[in-house]
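What follows is a set of notes on a single structure, which appears directly below.
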Amino acid sequence: MSQLAIHQIPLLQDNYGYVLHDPVDHVTAMIDPAVAEPVLRDVAKRGWSLDYVLNTHHHYDHTGGNLELKRITGCKIVGPRHDSDRIPGMDLGVSDGDTVRIGSATGEVIAVDGHTHGHIAFWFRESKALFCGDTLFSLGCGRLFEGEPEEMWESLKRLRALPDETLVCCGHEYSQANARFALSLDPNNPDLLARAQEIDEKRAQGHATVPTTMEMERRTNPFLRADTENIALAVGMQGAPPAQVFAEIRHRKDVF
Ligand SMILES: [Zn+2]
């Protein structure tokens, strides 16, 4: 088992893709390439060659670089089995419980329906890194384009159960807007207040605010806290099923 080297690449307006490299077997993979060119440049700069693309879901801002990367590097494209007709150039479909190998590193596939049908996350246990696409964001979660609130709540609970130190490598830089919404629900949460300030400082300097950690998200992300009294109270739904509280806060964020 090896520890992957992980490099975050900003793509398009506010997307993040991630280059993964196994230094033992010299295997390289790219998570969610919105476009090809910056990925090719980054990988070449490091002296690596791209072996795999891993897609979390079918949206163009996560797959737009697939075909060009495949044409230029000959890489294999791995994505959700459910999305074989929606992922450009897909060679191998995976689903919940499957594993993917990047050299000697193993990633576990976790089904996380909600943002889209078929959305998956890749969890590299040894490298303590989760690539969750548009399911979980720093202080937020993805919009429900294809799924129901109950599905997304179940997906978020699965991710929430991962170890504290898990790096949450998500698909977008949305933390600052998410922090404003989170504070509107949970204004006295000291961890959230500190995190929001840290985010403002990082953004003022032009720095990324992700990855975050699962521990931080559990303490501060209102979408992971729909089953806490604080969040239920904030939306006037004490005693309601958590999935309903989640649906309400997702709706409020949509119109925030
Ligand atoms: Zn998406």
Taking D25, is it over 21 Å from the mean Cα position of the chain (by Cα), of a type outside the set (S, T, N, Q) and surrounded by fewer than 22 Cβ atoms within 10 Å (Cβ to Cβ)?
yes
Kindly list the number of the only condition in (1) assigned to a helix (DSSP H, G or I); (2) more than 16 Å from the ligand (Cβ to nearest atom) that fails for E165.
(1)
Within the stretch 168-191, residues being more than 18 Å from L12 (Cα to Cα), crowded, with 18+ Cβ neighbours inside 10 Å and out of contact with any helix residue (DSSP H, G or I) (no Cβ under 7 Å at 6 or more places or on another chain) number 1
Tabulated pairs, the stretch 169-186, first closer than 13 Å to V210 by Cα and within 16 Å of the ligand (Cβ to nearest atom), second in a helix (DSSP H, G or I) and of a type in the set (F, W, Y), C-beta under 7 angstrom, 6+ apart or interchain:
none
What residue, of E217, E201, E146, E151, is within 16 Å of the ligand (Cβ to nearest atom) and either farther than 26 Å from P33 by Cα or assigned to a helix (DSSP H, G or I) (or both)?
E151
When (1) crowded, with 24+ Cβ neighbours inside 10 Å; (2) in contact with a Gly (Cβ under 7 Å, 6 or more places away or on another chain) are applied to E151, the one that fails is (1)
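Give me the residue from the stretch 116-129 that is touching a strand residue (DSSP E or B) at 6+ places or on another chain (Cβ under 7 Å) and within 16 Å of the ligand (Cβ to nearest atom) and, out of that set, farthest from P163 (Cα to Cα). Let's see the steps before the verdict.
Pass one, the stretch 116-129, residues touching a strand residue (DSSP E or B) at 6+ places or on another chain (Cβ under 7 Å): 118-129.
The next check asks that each one be within 16 Å of the ligand (Cβ to nearest atom); those that pass are 118-122.
Numbers: G118: 24, H119: 21, I120: 18, A121: 15, F122: 14 Å.
If we take residues in the stretch 116-129 being touching a strand residue (DSSP E or B) at 6+ places or on another chain (Cβ under 7 Å) and within 16 Å of the ligand (Cβ to nearest atom), then G118 is farthest from P163 (Cα to Cα).
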Give the stretch 60-101 a look and list any residue that's surrounded by fewer than 22 Cβ atoms within 10 Å (Cβ to Cβ) and within 16 Å of the ligand (Cβ to nearest atom), or say none.
Y60, D61, G64, H82, D83, R86, P88
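Throughout, read-outs are computed from the coordinates displayed, never taken from laboratory work. All values reported here derive from a predicted model rather than from experimental measurement. Glycine also receives a Cβ, built like all others from the backbone with ideal geometry; neighbour counts cover every protein chain displayed.
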